[in-house]
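The values are calculated or read from the model by the stated rules, or taken from the named source; none is laboratory data. What you see is a predicted model; the values in this text were computed from it and never measured. We place every Cβ from the backbone using ideal geometry, glycine too, and count neighbours over all the protein chains shown. Ligands, DNA and RNA are stripped out before the accessible areas are found, and what is left, the full protein with its side chains, is counted by its heavy atoms. Shrake-Rupley method; radii C 1.70, N 1.55, O 1.52, S 1.80 Å.
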Amino acid sequence: LIHLILCSRAMASKTPVGFIGLGNMGNPMAKNLVKHGYPVVAFDIFPEACKEFQDSGAQVMDSPADVAERADRIITMLPSSPNAVEVYTGANGILKKVKKGSLLIDSSTIDPTVSKELAKAVEKMGAVFMDAPVSGGVGAARAGNLTFMVGGVEQEFDAAKELLTCMGSNVIYCGEVFNYFQAAKICNNMLLAISMIGTAEAMNLGIRLGLDPKLLAKILNMSSGRCWSSDTYNPVPGVMEGVPSANNFQGGFGTTLMAKDLGLAQITATNTKTPVPLGSLAHQIYRMMCAKGYALKDFSAVFQFLREEENL
């Protein structure tokens, strides 16, 4: 019996898994599935994002619908609500060819109301939708240390967890109510944006006062102003190694994605009549950064943005 169970699990692991969205986060997530022995059937709207998967022998399809035709377990990791709507319900979307009983896991950070509508559309097609947004940046995605907060039908959680544990060290079931963690992530990223801007401003002011940036960072991180942006992801080049500021702000969490998440925070704040003055200001700052050439740089590039603004 044990042998049969092990064989059935081995066979299950060889069933193709669809992965749609091979961006900064999706790319390493899909690679970790491959490392764990899952044949990946992939799609991304940008052909160059698919090339390395083709080179490694993975199957790259021409549309989300083609992925759904080949795989009955699909993970989506998309940058925005419109992208998610198109991938699921578009003319060549997943739902055009989805098989009944398929498990569709969305790890995108999108508008909670859009996520609910997608869940309804998926259920009408006889498939299962689970909401599984992530916490952790590109480094955690590469290391397989992401945290997934999963919402959906409890009976399907174990099936989702089998895949998600290949990409994350924490996979937590949050109940049948969708978007609990979507809402929490929007709040977290708004706070992160505010703290990153504050850290960049404080560091820049200290540098202008003649303080050595490494010494200033050390002092801040021993004081009450310490935060994740100062002690783990410092935005000043040369202060820390292994962070985007040490690599010309390449990689990490893109400015355009932070602006998008702050936009979601604004929508939800308006809908709930919640005052978020600093969140609103952070949103405008990151939107300005996108307009001034920082869209593809890590959001910690706000330090560089402030340095340039002071010369105007």
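Okay, residues lined up against (1) open to solvent by less than 40 Å² (accessible area, probe 1.4 Å); (2) of a type in the set (D, E, K, R); (3) at pLDDT below 95; (4) within 16 Å of the chain's Cα centre (by Cα):
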| position | (1), (2), (3), (4) |
| --- | --- |
| ILE219 | no, no, no, no |
| GLY225 | no, no, no, no |
| ASN234 | yes, no, no, no |
| PHE249 | yes, no, no, no |
| THR255 | yes, no, no, yes |
| ALA259 | yes, no, no, yes |
| PRO277 | no, no, no, no |
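Just wondering, is there one or more residues in the stretch 145-165 that are assigned to a loop (DSSP other than H, G, I, E, B), in contact with a helix residue (DSSP H, G or I) (Cβ under 9 Å, 6 or more places away or on another chain), under 27 Å from ARG226 (Cβ atoms) and open to solvent by 70 Å² or more (accessible area, probe 1.4 Å)? Step through it out loud before you land on a result.
Pass one, the stretch 145-165, residues assigned to a loop (DSSP other than H, G, I, E, B): 145, 152-153, 165.
Now drop any that are not in contact with a helix residue (DSSP H, G or I) (Cβ under 9 Å, 6 or more places away or on another chain), which leaves 145, 152.
Next cut, under 27 Å from ARG226 (Cβ atoms) only: 145.
Then drop every residue that is not open to solvent by 70 Å² or more (accessible area, probe 1.4 Å), which leaves 145.
Looking through the stretch 145-165, at least one residue is assigned to a loop (DSSP other than H, G, I, E, B), in contact with a helix residue (DSSP H, G or I) (Cβ under 9 Å, 6 or more places away or on another chain), under 27 Å from ARG226 (Cβ atoms) and open to solvent by 70 Å² or more (accessible area, probe 1.4 Å).
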Which residues, counting only those in the stretch 85-115, are of a type in the set (S, T, N, Q), in a loop (DSSP other than H, G, I, E, B) and open to solvent by 30 Å² or more (accessible area, probe 1.4 Å)? ASN92
In the set LEU296, LEU257, LEU306, the lone residue that is free of Cβ contacts under 8 Å to residues at least 60 places away in the same chain and either under 29 Å from VAL114 (Cβ atoms) or out of contact with any strand residue (DSSP E or B) (no Cβ under 7 Å at 6 or more places or on another chain) (or both) is LEU296
Just for the stretch 236-246: of the residues that are among the small types (Gly, Ala, Ser) and open to solvent by 10 Å² or more (accessible area, probe 1.4 Å), which one is nearest to PHE299 (Cα to Cα)? ALA246
Members of the stretch 179-217 found to be surrounded by 14 or more Cβ atoms within 10 Å (Cβ to Cβ), over 28 Å from the mean Cα position of the chain (by Cα), assigned to a helix (DSSP H, G or I) and free of Cβ contacts under 8 Å to residues at least 12 places away in the same chain, listed by number: GLY206
Identify all residues within the stretch 279-291 that are open to solvent by 10 Å² or more (accessible area, probe 1.4 Å) and in contact with a helix residue (DSSP H, G or I) (Cβ under 7 Å, 6 or more places away or on another chain); write none if there are none. SER280, HIS283, ILE285, ARG287, CYS290
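If you take the residues in the stretch 23-50 that are small (Gly, Ala, Ser) and open to solvent by 30 Å² or more (accessible area, probe 1.4 Å), which one is farthest from the chain's Cα centre (by Cα)? Before you say what the answer is, go through the steps one by one.
Step one: of the stretch 23-50, the residues small (Gly, Ala, Ser) are 23, 26, 30, 37, 42, 49.
Adding the requirement that they be open to solvent by 30 Å² or more (accessible area, probe 1.4 Å) leaves 23, 37.
Working: GLY23: 9, GLY37: 23 Å.
It comes out as GLY37.
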Need pairs with beta-carbon distance below 6 Å; first residue without any contact (Cβ under 8 Å) to a residue 12 or more places away in the chain and within the stretch 48-60, second β-branched (Val, Ile, Thr); sequence gap 6+ or separate chains. GLN54/VAL60
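Examine the stretch 116-126 for a residue that is of a type outside the set (Asp, Glu), surrounded by fewer than 24 Cβ atoms within 10 Å (Cβ to Cβ) and part of a strand (DSSP E or B), and state whether such a residue exists. Even if it seems obvious, please write down each step before you answer.
Within the stretch 116-126, the subset of a type outside the set (Asp, Glu) is 116, 118-122, 124-126.
Still in the running and surrounded by fewer than 24 Cβ atoms within 10 Å (Cβ to Cβ): 116, 119-122, 124-126.
Going one step further and asking which of them are part of a strand (DSSP E or B), we end up with none.
No, the stretch 116-126 has no match at all.
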